[in-house]
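The values are calculated or read from the model by the stated rules, or taken from the named source; none is laboratory data. In this text the structure is predicted, and so the values were computed from the model without any measurement. As a convention, Cβ positions derive from the backbone with ideal geometry for all residues, glycine included, and neighbour counts pool all protein chains shown. Remember, those area values only see protein heavy atoms, side chains included, never the ligands or the DNA or RNA. Shrake-Rupley method; radii C 1.70, N 1.55, O 1.52, S 1.80 Å.
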Amino acid sequence: MNQYIKSLKDENKLNISIDKSNTFDWKYTKIAGPCSVEGPEIVDIAKSIKSLGANAFRAGAYKPCTYPILEEINGWQEGLREDGLELLHEVRQEVDIPIVTEVMDASMIADVGAVADVFQIGTRNFQNYTLLDALGKTDKPVLLKRGTWGTIDEILGACERILVGGNRNIAICLRGVVGMPSYRHVFNSIRWAPDLMMIPALKELTNIPIIFDPSHSTGYRNFVPSMSKAAIAAGADGLIIEAHPTPDKSISDAAQAINYKTLKEIFHG
Ligand code: PEP
Ligand code: MN
């Protein structure tokens, strides 16, 4: 077993600070927002998401998809990319809420870091060691999303890879894993199996905060409220949820996006 990670269990709880006052509490972290930055309305969306109880805002300027072929929809090419970062700059200026957004490559850390309060490592980059090493040398919090294939030792190993670089502000995000395609022929959008038991399993071994993603792990909006409750009951330190003002019109991940009313119920329920 990974001795470095095990030793963390004996220390004070690892903290991640993502607000400007340095007092951000992962218990209980409420990150929400649309899958991707879709256009200038992102500023109003961020205001609404904050008013619904979120204490951090998510939206991807870069949106790599699991199916690797690039899809273009009106200038949106797996995200608005640099234009999306520009829009997140506006969010930053106008809304007082920490921003969580994905960085796909070590060469993009400076540009993404200019708008992000938390670097998100996407599932596909869970074992991109160049990226993990580079983020280990930054002082910004990192939300590491588990690869859909990742075993518990690989999750802890990926964390270690960041921690040994010196950055101790990390959290693990569980977002569903490869499983039996038990639901597929009825619920077309379900691709992954929620990895809820990994929450208590990781808690046995480490104090690194655990954030659960009920959106990607279910792929289906009607299951997001119950899986959110289940994750908190299992000991998760927070949630990251995809929400959209008009969920069916989301450019990416529409089937799992919830509306504002449901988001409010989850955060206040
Ligand atoms: C996301 O949360 O924006 C995302 C792309 O999810 P994942 O990396 O887990 O597929
Ligand atoms: Mn998504």
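Considering Cα pairs under 8 angstrom that are at least six residues apart, work out the relative contact order of the range 99-171 and quote it in whole percent. Can you show the working numbers first?
Working: 121 pairs, mean separation 22.5, N = 73.
Averaging sequence separation for qualifying contacts and normalising by length gives 31 percent for the range 99-171.
Between the DSSP loop rule and a limit of at most 14 other Cβ atoms within 10 Å, which trypsin sites (Lys or Arg not before Pro) in the range 95-162 are left?
On the way: sites: ARG124, LYS137, LYS145, ARG146, ARG161; in loops: LYS137, ARG146.
Hits after loop and neighbour filter: LYS137.
What area, in nm² and to one decimal, does the C-alpha convex hull of the range 135-269 cast on average over all directions? List each step's numbers first, then the result.
Values: hull surface 35.1 nm².
Its average projected convex-hull area is 8.8 nm².
With each run of n ≥ 4 DSSP H residues scored as -39500 (n - 2.57), what mean residue ellipticity at 222 nm is computed for the chain after dividing by its residue count and rounding to the nearest 500 deg cm²/dmol? Could you put the intermediate results ahead of the total?
Details: 10 runs with 86 residues, N = 269.
Per the formula, -9000 deg cm²/dmol.
Calculate, for the chain, the solvent-accessible area per residue in square angstrom, rolling a 1.4 angstrom probe over the heavy atoms of the protein chains. Don't skip to the answer; put the middle values down first.
Working: 11800 Å² over 269 residues.
Ligands and nucleic acids excluded, the figure is 44 Å² per residue.
With a 1.4 Å probe and all protein chains left in place, how much of the accessible area of the chain comes from carbon and sulfur atoms, in whole percent? Provide the component values of the computation, followed by the final result.
Numbers: 6150 of 11800 Å².
The computed percentage sits at 52.
Could you let me know the centre-to-centre spacing of the range 69-88 and the range 205-256, using Cα atoms, in angstrom?
Here the answer is 23 Å between Cα centres.
Report the GluC sites (Glu not before Pro) located in the range 59-131 that are in a DSSP loop and have at most 13 other Cβ atoms inside 10 Å of their Cβ, or state none. Can you show the working numbers first?
Numbers: sites: GLU71, GLU72, GLU78, GLU82, GLU86, GLU90, GLU94, GLU102; in loops: GLU71, GLU78.
Hits after loop and neighbour filter: GLU71.
In Å, what is the Rg of the alpha-carbon atoms in the chain, and how long is Dmax?
17.1, 51
Loop-only chymotrypsin sites (Phe, Trp or Tyr not before Pro) in the range 98-199, please: DSSP not H, G, I, E or B, and at most 12 other Cβ atoms within 10 Å. Don't skip to the answer; put the middle values down first.
Working: sites: PHE119, PHE126, TYR129, TRP149, TYR183, PHE187, TRP192; in loops: PHE126, TRP149, TYR183, PHE187, TRP192.
Within the range 98-199, the qualifying chymotrypsin sites (Phe, Trp or Tyr not before Pro) (loop, at most 12 other Cβ atoms within 10 Å) are TRP149.
Have a look at PRO209, PRO225, PRO34 and tell me which one the Gaussian network model of the chain (Cα, springs below 10 Å) gives the largest fluctuation.
Top of the fluctuation ranking is PRO225.
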